[in-house]
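Okay, structure first, notes after.
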Amino acid sequence: MQRLKTIACIGAGNMGTALMKGAIGKTVKNARDNHAIGFADTDNAKARAAAKVLGAKVFTTNAEAAKAGDYIFLAVKPQVLSSVLAEISPVIRERYVKSDSPVLISMAAGFPIKKIQAQINGGGNEAPAAPQSSIPVMRIMPNTPSQIFHGMIVYCVSPKFPSAKLAELEKILSGAGLTDQVDEEFLDAVTGISGSGPAFVFQFIEALADGGVLAGLPRDKALLYAAQTVKGAAAMVLETGKHPGELKDMVASPGGTTIQGIAALERSAFRGTVISAVEAAWQRAQELG
C-alpha cells in the first residue's frame, strides 16, 4: 500500500493559509485520507488557528515539519526565508542521503531557486551536502483569490524536477484556481501583475464605488455594482479571447458617457499609473532577491 503523502506548510500567515484553504482544502475535502496536512509557525497560535480551518495538524517546529512533509510549502516572507532554510537544511540533507528527499515549494518573492538550494546545502553540519541540482524546488507566485478558488498560481521549477511530483503538485494547486508554468526569469514580473495585482484591483473597485456614492448611490449598492462590473469585465476578457482595447471600444460609443469617463481617466494618467504600480512591485521583487 502506498504511503500517504504529507503536506507541511511552514508559515500560517495570510498567503499560506489562503493557499492551503484554496488548493489543498478543495482537493482533499472529500478525501482527507489521501493527504495529511500540517502547519508550522513561530506563532503557534496562528498555526493552530490555520490548522483548525482545515482540520489539519500542527507541527511544533519547522524542523518537525521538514521531517514529516513530502511537499513542504515555505509560506514565509523573503526576509525570513534564509533563517527558515538554515533551520530545516540539516533535516532536508539527511532525508536526501536516505533517498527520501522532499519537494520544497517557496512562495517568497524574489528569492531564486539556486539561492534556496545553496542555502539548504550551506546550513549546519549534521548531514553531508546534496548535489545542488538534485534538491527539487518549486517557486510559486499565488494570489489571495486562491482562498476562494479563483486564484492565479504561476510557478517555475528547478532542473530535473520529478515529473510525477510535478503532476501531483499541479493537481493540488489547480484546486485554488488557474495555474501556469513560466521560466524563473519571469517570476518577478508575475509578482507585479498577479501577485500584487489583487490589491490594485481592490483599490479600483473601492474607487469605482466611491464614484457611485458621489453620484448619489447608497454605499452598499455602489460597491455591489462595482465589484460585479469588474468580475464581469474580467470574465469577458478570459472567455471571449478579445483584446481589452477591443472590448473597451465596444462600450465607448461616440460622444457618449463612457468615452467621457475614459477621457477623464487618461487626463489623470490612469494607464501610466497602473503600469508604474506593476513596475514598482516588479522592482521590489528583484530587490528582495
_Subset of region 71-107 [under 18 Å from ASP43 (Cβ atoms) and either outside the structural domain of PHE59 (by TED's automatic domain parsing) or not hydroxyl-bearing (Ser, Thr, Tyr) (or both)]_ = PHE73, LEU74, ALA75, VAL76, LYS77, GLN79, VAL80, LEU81, VAL84, GLU87, ILE88, MET107
*asked:* Go through (1) over 23 Å from ALA281 (Cβ atoms); (2) modelled with pLDDT of 95 or more for LYS165 and report which single condition fails.
replied: (2)
*What number of residues within region 156-167 satisfy the criterion of being farther than 17 Å from SER99 by Cβ, surrounded by fewer than 17 Cβ atoms within 10 Å (Cβ to Cβ) and either of a type in the set (D, E, K, R) or touching a helix residue (DSSP H, G or I) at 6+ places or on another chain (Cβ under 8 Å) (or both)?*
1
*If you check ALA56, ALA51, ALA47, ALA75, which single one turns out to be within 14 Å of GLY13 (Cβ to Cβ), surrounded by 19 or more Cβ atoms within 10 Å (Cβ to Cβ) and modelled with pLDDT under 90?*
ALA51
*Under the condition of being touching a residue at least 12 places away in the same chain (Cβ under 8 Å), touching a strand residue (DSSP E or B) at 6+ places or on another chain (Cβ under 7 Å) and part of a helix (DSSP H, G or I), which residue from region 168-194 is farthest from SER99 (Cα to Cα)?*
SER194
_From the list GLU279, GLU287, GLU246, GLU239, exactly one residue is assigned to a helix (DSSP H, G or I), over 16 Å from LEU208 (Cα atoms), in contact with a helix residue (DSSP H, G or I) (Cβ under 8 Å, 6 or more places away or on another chain) and not aromatic (Phe, Trp, Tyr). Which is it?_
GLU279
*Which residue, of ILE7, ILE37, is surrounded by 15 or more Cβ atoms within 10 Å (Cβ to Cβ), under 20 Å from the mean Cα position of the chain (by Cα) and modelled with pLDDT under 90?*
ILE37
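Taking region 93-112, which residues are of a type outside the set (D, E, K, R) and either in a loop (DSSP other than H, G, I, E, B) or crowded, with 23+ Cβ neighbours inside 10 Å (or both)?
Initially, region 93-112 is screened for residues of a type outside the set (D, E, K, R), giving 96-97, 99, 101-112.
The answer is SER99, SER101, PRO102, LEU104, ILE105, SER106, MET107, ALA108, ALA109, GLY110, PHE111, PRO112.
The values are calculated or read from the model by the stated rules, or taken from the named source; none is laboratory data. Remember, predicted model here, so these are calculated numbers, not experimental data. Backbone-built Cβ (ideal geometry, glycine too); neighbour counts: all protein chains shown.
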